[in-house]
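The numbers here are math on the coordinates, done by the rules we state, and not lab data. These numbers were taken from a predicted model, which means no experiment stands behind them. Note that we place each Cβ from the backbone using ideal geometry, even for glycine, and neighbour counts take in every protein chain shown.
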Amino acid sequence: MVKKNAHKHRSGCPLACALDLIGDHWSLLIVRDLIFLDRHEYKDMLSSEEGISSNILSDRLKKLEAAKLVASIPHPESGRRKLYYLTARGKDLVYLLIDIARWSEKHLGDIVDIPPEKKELLTNNPDLMVELTLKDLDDWEKAHGVKT
C-alpha cells in the first residue's frame, strides 16, 4: 500500500508541485466557494451543488489550512463553528480560477453556467473581475475582523 504522501515532490516541476497541493477533485472547488460564492461556513460549502461529503470537506479544509491557503476564525455566533477565508497565498489562486473559467467558457460554453454579469466581466475585462473579487474578499475580512 502506498503511503498517502508518498507521491509528493516527485520532481521540481511547478505544475507537479502545484497539483500535489490543489490537484484533487475538491480543493479548487472549495477555493472557488470562498472566492466567488461568498461561502465561508462549513455548512454552506457542504451544500455546494457538486455534493462534497462531510469527511472529504473536513479533510480538504485541513489540508488547505496546513498549506496556508485557507485560514479560519471563530464564528461570531458560536465558538464551536468557524468562518473560513483565504490567505494572501490563497487569494492568488483567483488568477488561475479566472483563467480556467475563461477556458471553460471558450471550449465548454454549451455546458457551463456563468451568471450574465460575471460572464460579461470574464469575457471582456478579466482584470477588472480580479480587482472586484479581491475587493469583495478584503471587505468580507474587514467586516469579520480578520487581521491580515
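Mind checking which residues of region 93-139 are part of a helix (DSSP H, G or I) and β-branched (V, I, T)?
Answer for region 93-139, where residues must be part of a helix (DSSP H, G or I) and β-branched (V, I, T): V94, I98, I100, T123, V130, T133.
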(message) Given the options G90, G79, G145, name the one that is assigned to a strand (DSSP E or B) and closer than 22 Å to K43 by Cβ.
(response) G79
(request) Assess whether R60 counts as being within 16 Å of I30 (Cβ to Cβ), assigned to a helix (DSSP H, G or I) and free of Cβ contacts under 8 Å to residues at least 24 places away in the same chain. (result) no
(request) Answer yes or no: is there a residue in region 12-21 that is touching a Leu at 6+ places or on another chain (Cβ under 6 Å), surrounded by 14 or more Cβ atoms within 10 Å (Cβ to Cβ) and in a helix (DSSP H, G or I). (result) no
(request) Take region 26-55 and flag every residue that is of a type outside the set (D, E), in a helix (DSSP H, G or I) and either under 22 Å from K91 (Cβ atoms) or in contact with a His (Cβ under 9 Å, 6 or more places away or on another chain) (or both). (result) S27, L28, L29, I30, V31, R32, L34, I35, F36, Y42, M45
(request) Those residues that are in contact with a strand residue (DSSP E or B) (Cβ under 8 Å, 6 or more places away or on another chain) and either on the phi > 0 side of the Ramachandran plot or among the charged types (D, E, K, R) (or both), I need them from region 77-114; list them, please. (result) R81, K82
(request) Tell me, yes or no, whether region 73-85 has at least one residue that is surrounded by 14 or more Cβ atoms within 10 Å (Cβ to Cβ) and among the acidic types (D, E). (result) no
